[in-house]
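Here, each number is a calculation from the coordinates, and none is a lab measurement. These figures come from a predicted structure and were not determined experimentally. With ideal geometry, Cβ positions are generated from the backbone for all residues, glycine too; neighbour counts draw on all protein chains shown.
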């Protein structure tokens, strides 16, 4: 018996084959390998760790003091008739500061000068008398007693003339002291007199501040007492001249620890750079320690992780987590005391988005 295939049976077989083919392609597209996304690298900037000298610094804000604060006092008594300086005025040695009334001193000086003139005349006359008596005594025209008496009078007049001349010098000196002259260089800190005041010998007239040499007084907590010592370096700056920095050393350490105070005072002497004034504030940087060839990285390279403080070292475009120990912060950089060597490349910008083993793409290396 012969079987003949029907036309609709062939169509059914073709449709089944097409459906089978479509189903196989869909299964291939849903495989795990084709569904895995491509790995993306984190874009970062990187820098090589460098070395530099690191200073361990303790900062303190204190005040400037004048090392010398002398008073100018009256050397003679009298009434003030003129003052020529005011508080804040600079003065130099030999400068006239004030004047006293000179009437009484002029009278005394003229009287002393007249006394000297009178004694000089008597002394000259007596010298001539003694000279004349000397020639008469040789001719035995006068007695020896009379000649000795003339010589004694001459000696007495010589002593009186010497005393009168010293009194004249004293009156002349008193007259000059009515002009108050500065013996110091500095600034008038306080004016203690006014025109019309009567002053006596020793009364203070002006308080002077010497600004050539200043003293910086810096307070520190008592916990640092064991870390500071005389001779340590210190850098000083003042708001009066922020661009100027003065180097000095610790001259004295004064313990001021008491029931109401838990501090010590650090004293340093400096030559005035020009514009600094006593009483102004001053900032001191005391160098407690200096470390050479310390490894430093930018502060943004340091990241906090559960393991601690870490940086990410870049090698072959892969970030590797490195636990480190830190030291001082210096102008945007941080000292690494352990865990990192110089010249190793570390991530900077983008370090906070990294993890150990993450691929990276460096856009800038410095």
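For the chain, the relative contact order is 27 percent, taking Cα pairs closer than 8 Å that sit 6 or more residues apart in sequence and dividing their mean separation by the residue count. For the chain, adding -39500 (n - 2.57) for each run of n ≥ 4 DSSP H residues and dividing by the number of residues yields -9500 deg cm²/dmol at 222 nm.
Rounded to whole Å, the principal axis extents of the Cα atoms in the stretch 79-177 read 78, 24, 14, largest first.
Relative to the longest principal axis of the Cα atoms of the chain, the long axis of helix 103-138 lies at roughly 50 degrees. Packing around the peptides 136-146, 198-208, taken as the average count of other Cβ atoms within 10 Å per residue, puts them in this order, highest first: 198-208, 136-146. Taking the longest Cα principal axis of the chain as reference, the axis of helix 144-176 is set at about 30 degrees. For the pair residue 136 and residue 84, a Förster radius of 51 Å applied to the C-beta separation gives a FRET efficiency near 0.20, rounded to the nearest 0.05.
Taking the Cβ-Cβ separation of residue 181 and residue 156 as r and a Förster radius of 30 Å, what is the calculated FRET efficiency to the nearest 0.05?
0.20
Restricting the calculation to Cα atoms, the stretch 150-240 yields a radius of gyration followed by a Dmax of 26.7, 87 Å. Between residue 355 and residue 292, how many nm apart are label points set 7 Å from Cα along the C-beta direction? The modelled label-to-label distance comes out at 4.5 nm. Extension gain, residue 53 to residue 343, is 102.8 nm, computed as 0.36 nm per intervening residue step minus the present C-alpha separation. Fully extending the segment from residue 227 to residue 71 would add 52.3 nm, taking 0.36 nm per residue of separation and subtracting the current Cα-Cα distance. A convex hull fitted around the alpha carbon atoms of the chain yields 330 Å³ per residue. Using r as the Cβ-Cβ distance of residue 321 and residue 265, and R0 as 45 Å, what FRET efficiency do you calculate, to the nearest 0.05? Once rounded, the FRET efficiency stands at 0.45. The stretch between residue 307 and residue 190 holds 35.7 nm of extra length on full extension. This uses 0.36 nm per residue minus the Cα-Cα distance. Taken along the Cα-to-beta-carbon direction at a fixed 7 Å, the label points for residue 96 and residue 245 span 4.8 nm.
Each residue, residue 200 and residue 125, gets one label point 7 Å from its Cα in the Cβ direction; the gap between the two is 4.3 nm.
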